[in-house]
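Peer 1: Have a look at this one.
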Amino acid sequence: KNLKGACMFGQSGGPTSVINSSAAGVFTEALKQANITAVYGLEHGIVGLLNEKFFDMSKEDPKELELLKNAVLGTRLGALQLKDASVDDTDYKRILEVFKKYDVRYFFYNGGNDSMDTCNKISKYLQSVGYECNVIGVPKTID
């Protein structure tokens, strides 16, 4: 959906040859979009989201974001496996609280299979409570 609001990007899992390039792509394109009001990069993935630890990417030098594409860096990752909301919805309620506070309408999560599962769980929870947000998985591997 073409929503107006903030974009938040996080990543999880081990570093791959494309993980930083994928992050750079999301940041640079999101910053160009008129309907995206803010672009945030999570520190330590879902853990950063739960603790409201993220960076305002609009304050970063665009040249530095461009360099990220070819960076052979480790990533500031924080793996957290979310339980199903039917078992424990505590983290989901916190995610919703943060999304509402910052008007997050686009959530990108970069990672492998577990990260795509996290996207699915968050998307289903947000739908169940009627919060409109595009949840998009960004694959960092080809598995």
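Peer 1: Mean separation of Cα pairs under 8 Å and 6+ residues apart, divided by the residue count of the chain: what relative contact order is that in percent? Could the numbers behind the result be given before it?
Peer 2: Numbers: 253 pairs, mean separation 45.4, N = 143.
Relative CO of the chain lands at 32 percent.
Peer 1: Let me ask something additional. Over the chain, with the other protein chains present, what is the accessible area per residue in square angstrom, probe 1.4 angstrom? Don't skip to the end; give the middle numbers.
Peer 2: Numbers: 7680 Å² over 143 residues.
For the chain, the solvent-accessible area averages 54 Å² per residue.
Peer 1: Evaluate the charge dipole of the chain about its Cα centre and quote only its size in Debye, nearest 20, assuming +1 on the Cβ of each Lys and Arg and -1 on the Cβ of each Asp and Glu.
Peer 2: Numbers: 17 positive and 18 negative charges, 54 e Å.
Roughly 260 debye, rounded to the nearest 20.
Peer 1: While we're on this one: Run the accessible area of the range 1-89 with a 1.4 Å probe and give the carbon-and-sulfur part as a rounded percent. Write out the running numbers ahead of the final one.
Peer 2: On the way: 2570 of 4980 Å².
Carbon and sulfur atoms account for 52 percent of the accessible area of the range 1-89.
Peer 1: What net charge is computed for the residues neighbouring residue 29, neighbours being all others with C-beta under 13 Å from the C-beta of residue 29, Lys and Arg scored +1, Asp and Glu -1? Present the calculation step by step, with values, prior to reporting the outcome.
Peer 2: Values: positive: 32, 69; negative: 66.
Computed value for this residue: +1.
Peer 1: Mind checking which lysines have their C-alpha under 19 Å from residue 140, skipping anything on the same chain fewer than 8 residues away?
Peer 2: 69, 121
Peer 1: Still on this structure, please answer the following. If you find the alpha carbon centre of the range 96-143 and of the range 51-70, how far apart are they in angstrom?
Peer 2: 20 Å
Peer 1: Need one word for the chain: rounded, prolate or oblate. Basis is the Cα gyration tensor (sqrt eigenvalues a ≥ b ≥ c); a/c below 1.5 gives rounded, then a/b vs b/c decides.
Peer 2: Working: a/c = 1.82, a/b = 1.26, b/c = 1.45.
Oblate, because a/c is 1.5 or more while a/b does not exceed b/c.
The values are calculated or read from the model by the stated rules, or taken from the named source; none is laboratory data. Note that the structure is a prediction, hence the values are computed from the model and not measured. Note: ideal-geometry Cβ built from the backbone for every residue, glycine included; neighbour counts use all protein chains shown. In case anyone asks, the SASA skips ligands and DNA or RNA and just uses the protein heavy atoms, side chains included. Shrake-Rupley method; radii C 1.70, N 1.55, O 1.52, S 1.80 Å.
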